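Participant: I'd like to ask you about the structure that follows.
The values are calculated or read from the model by the stated rules, or taken from the named source; none is laboratory data. What you see is a predicted model, and the numbers here were worked out from it, not measured in a lab. Heads up, the Cβs are rebuilt from the backbone with ideal geometry, glycines too, and the neighbour counts pull from every protein chain shown.
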Amino acid sequence: MLDELAARHQVPGAQLVVRRGGATTASAVGVAADAAFPLGSVTKPVTAMAVLALVADGDLDLDDSLAEHLGPAHRHRTLRQLLSHTAGLPATLREEDETLTRARWAARFDDEAFPPGAQFSYSNPGYVLAGHLVELVTGMGWAEAVTAIVLEPLGITPAFVARTGEREVVLGHTVRSGETAVLLDGPQAPPIEDPAGGLALSAADVVALLDADVKGMCEDQLAGAAVGSFGLADGWGLGWARYQSWWGHDGTGDGTSAHVRFDPGTGDAVVLTANAGTGPELWRSVLEGLAAQGIEVGDHPFSSLPGAGDPVAPPAGSTGRYVNGTLTLDVTTTPDGLALALDGKPYAGLTCFSGHRFLARELTSARTAYTGRFVTGPGDAVTHVQISGRLSRKL
């Protein structure tokens, strides 16, 4: 199945591990079974595991103010909020911050997108701060700390995208319609973001990671939140996301992707790594192939809205400018419907459905679409837009 699907989606290298009923099946196409793939955001649960080990040791507290460790700018923010993306932080770092060390960046940090604790909005800076907390408590760099606290006890030798190490990291590829995959050679993300996306492992390593006690991480933290994780997952724990009754995380980099799903009750797990930009499409095909074999894996709709019905007119007041930190989104009306511009550049067309939901389909790749919605407040006035779990406030 993996051979056929990888060829269909022009993915040069992929690993697939399925653990079911205590039995594990592993396949690799175009790469060694133990090759290290950039995990992208699947790094975040590993950072969370290191944080929670320090919580268990009494060095950190999930619900204490972070002011003691990070300064007065964080007095209304908690570690639980960082790990569950409810700390009110922007989705991304400012571009000029990427050359800073985590210590210098955290010391001057004063960026708040929303009130802490009020709503879910996926945030890389939240995990950069969590990684910095690990560094402050342990006196080690983030990479050394997660290796010593999380990975080595499980027999996992890590690789890191931003530096050379004991293992070589698989490079990504870009795929354009009708063309062969083109190798990308360059850094996946700046080193400051390593706690949010800098780890590289094999699919088998990720399954081994799940042999740790992850059940405590799989308790949904979003009850009572004004805005949940719509468009990204069905709920969120402490590091891991909930997909129906399964848990896991997705990660993407420059021409790479990683996808993890597991059932904490049974130990069943499915992990895919891929070294092409079409990895997310391969993942959806893998889920369909597994379902055809009777293996149903929990997932969240990525490019479809089940039961949405026919397209409808956009909600009143949906056009305008929305912001998330320094990120700016402009929603405008065109002859073809709503259009979305990202930081002033045309990005996607929006097709609206009932419940203020929409599909955002990229202009440069018609096959790439993201689920989103307009969020309303008093009087049903549009106050925010949410795309793939990332929230932006209307100006």
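Participant: State whether one or more residues within the stretch 206-223 are within 22 Å of THR92 (Cα to Cα) and modelled with pLDDT under 95. Walk me through it before giving the result.
Facilitator: So in the stretch 206-223, the residues within 22 Å of THR92 (Cα to Cα) come out as 221-222.
Then keep just the ones that are modelled with pLDDT under 95; that gives none.
Checking the stretch 206-223: not a single residue is within 22 Å of THR92 (Cα to Cα) and modelled with pLDDT under 95.
Participant: Run PRO264 past the list (1) buried (at least 24 other Cβ atoms within 10 Å of the Cβ); (2) on the phi < 0 side of the Ramachandran plot and report the number of the one that doesn't hold.
Facilitator: (1)
Participant: If you check ALA269 against the conditions, is it surrounded by 24 or more Cβ atoms within 10 Å (Cβ to Cβ), in the same structural domain as ALA14 (by TED's automatic domain parsing) and under 17 Å from the mean Cα position of the chain (by Cα)?
Facilitator: Working: surrounded by 24 or more Cβ atoms within 10 Å (Cβ to Cβ): yes; in the same structural domain as ALA14 (by TED's automatic domain parsing): yes; under 17 Å from the mean Cα position of the chain (by Cα): no.
Judged against the criteria, ALA269 is not a match.
This table checks each residue for (1) at pLDDT below 90; (2) within 18 Å of SER229 (Cβ to Cβ); (3) among the polar types (S, T, N, Q); (4) exposed (fewer than 13 other Cβ atoms within 10 Å of the Cβ).
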residue	(1), (2), (3), (4)
SER303	yes, yes, yes, no
SER318	no, no, yes, no
VAL323	no, no, no, no
LEU329	no, no, no, no
TYR347	no, no, no, no
GLY355	no, yes, no, no
PHE358	no, yes, no, no
THR364	yes, no, yes, yes
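Participant: Same structure again: Identify the single condition in (1) within 25 Å of the chain's Cα centre (by Cα); (2) in contact (Cβ under 8 Å) with a residue 24 or more places away in the chain that VAL382 does not satisfy, given that it satisfies every other one.
Facilitator: It is condition (1) that VAL382 fails.
Participant: Let me ask another. Residues to consider are ALA258, ALA233; find the one that is in a loop (DSSP other than H, G, I, E, B), under 15 Å from VAL42 (Cα atoms) and under 16 Å from the mean Cα position of the chain (by Cα).
Facilitator: Working: ALA258 fails: in a loop (DSSP other than H, G, I, E, B).
Every option except ALA233 fails the conditions.
Participant: Has the stretch 351-361 got at least one residue that is of a type in the set (Val, Ile, Thr) and in contact with an Asp or Glu (Cβ under 8 Å, 6 or more places away or on another chain)? Break it down stepwise before answering.
Facilitator: Keep residues of the stretch 351-361 that are of a type in the set (Val, Ile, Thr), which gives 351.
Then drop every residue that is not in contact with an Asp or Glu (Cβ under 8 Å, 6 or more places away or on another chain), which leaves none.
Within the stretch 351-361, not a single residue is of a type in the set (Val, Ile, Thr) and in contact with an Asp or Glu (Cβ under 8 Å, 6 or more places away or on another chain).
Participant: Further question on the same structure: Which strands (runs of 3 or more DSSP E) sit wholly inside the stretch 287-395 and have at least 2 residues that are outside the structural domain of GLU112 (by TED's automatic domain parsing), touching a strand residue (DSSP E or B) at 6+ places or on another chain (Cβ under 8 Å) and hydroxyl-bearing (Ser, Thr, Tyr)?
Facilitator: On the way: elements: 320-324, 327-334, 337-342, 345-353, 357-362, 369-376, 382-387, 390-394.
Correct list: 327-334, 345-353, 369-376.
Participant: Something else now. Name every residue in the stretch 92-125 that is in contact with a Ser or Thr (Cβ under 6 Å, 6 or more places away or on another chain), modelled with pLDDT of 90 or more and within 21 Å of GLY40 (Cα to Cα), in order of residue number.
Facilitator: PHE120, ASN124
Participant: For residues that are closer than 21 Å to VAL175 by Cα and basic (Lys, Arg), tally how many sit in the stretch 333-374.
Facilitator: The qualifying residues number 2.
Participant: Please determine whether any residue of the stretch 38-51 is of a type outside the set (S, T, N, Q), outside the structural domain of LEU329 (by TED's automatic domain parsing) and exposed (fewer than 15 other Cβ atoms within 10 Å of the Cβ). Steps first, answer last, please.
Facilitator: Kept after step one, since they are of a type outside the set (S, T, N, Q), are these residues of the stretch 38-51: 38-40, 42, 44-46, 48-51.
Now restrict to residues that are outside the structural domain of LEU329 (by TED's automatic domain parsing): 38-40, 42, 44-46, 48-51.
Of the ones still in play, those that are also exposed (fewer than 15 other Cβ atoms within 10 Å of the Cβ) are none.
Scanning the stretch 38-51 turns up no residue that is of a type outside the set (S, T, N, Q), outside the structural domain of LEU329 (by TED's automatic domain parsing) and exposed (fewer than 15 other Cβ atoms within 10 Å of the Cβ).
Participant: Also: In the list SER245, SER257, SER202, which residue meets the criterion of being surrounded by fewer than 23 Cβ atoms within 10 Å (Cβ to Cβ), hydroxyl-bearing (Ser, Thr, Tyr), closer than 21 Å to LEU290 by Cβ and in contact (Cβ under 8 Å) with a residue 12 or more places away in the chain? Don't jump to the end; show me each part of the working.
Facilitator: Numbers: SER257 fails: surrounded by fewer than 23 Cβ atoms within 10 Å (Cβ to Cβ); SER202 fails: surrounded by fewer than 23 Cβ atoms within 10 Å (Cβ to Cβ).
Going through SER245, SER257, SER202 in turn, the sole match is SER245.
Participant: Still on this structure, please answer the following. Do you know which of the residues in the stretch 236-255 that are in a strand (DSSP E or B) and aromatic (Phe, Trp, Tyr) is farthest from the chain's Cα centre (by Cα)? Can you show your working first?
Facilitator: Filtering the stretch 236-255 for residues in a strand (DSSP E or B) gives 236, 241-243, 246-252.
Keeping just the survivors that are aromatic (Phe, Trp, Tyr) gives 236, 243, 246-247.
Values: TRP236: 11, TYR243: 13, TRP246: 16, TRP247: 13 Å.
Per the stated criteria, the residue is TRP246.
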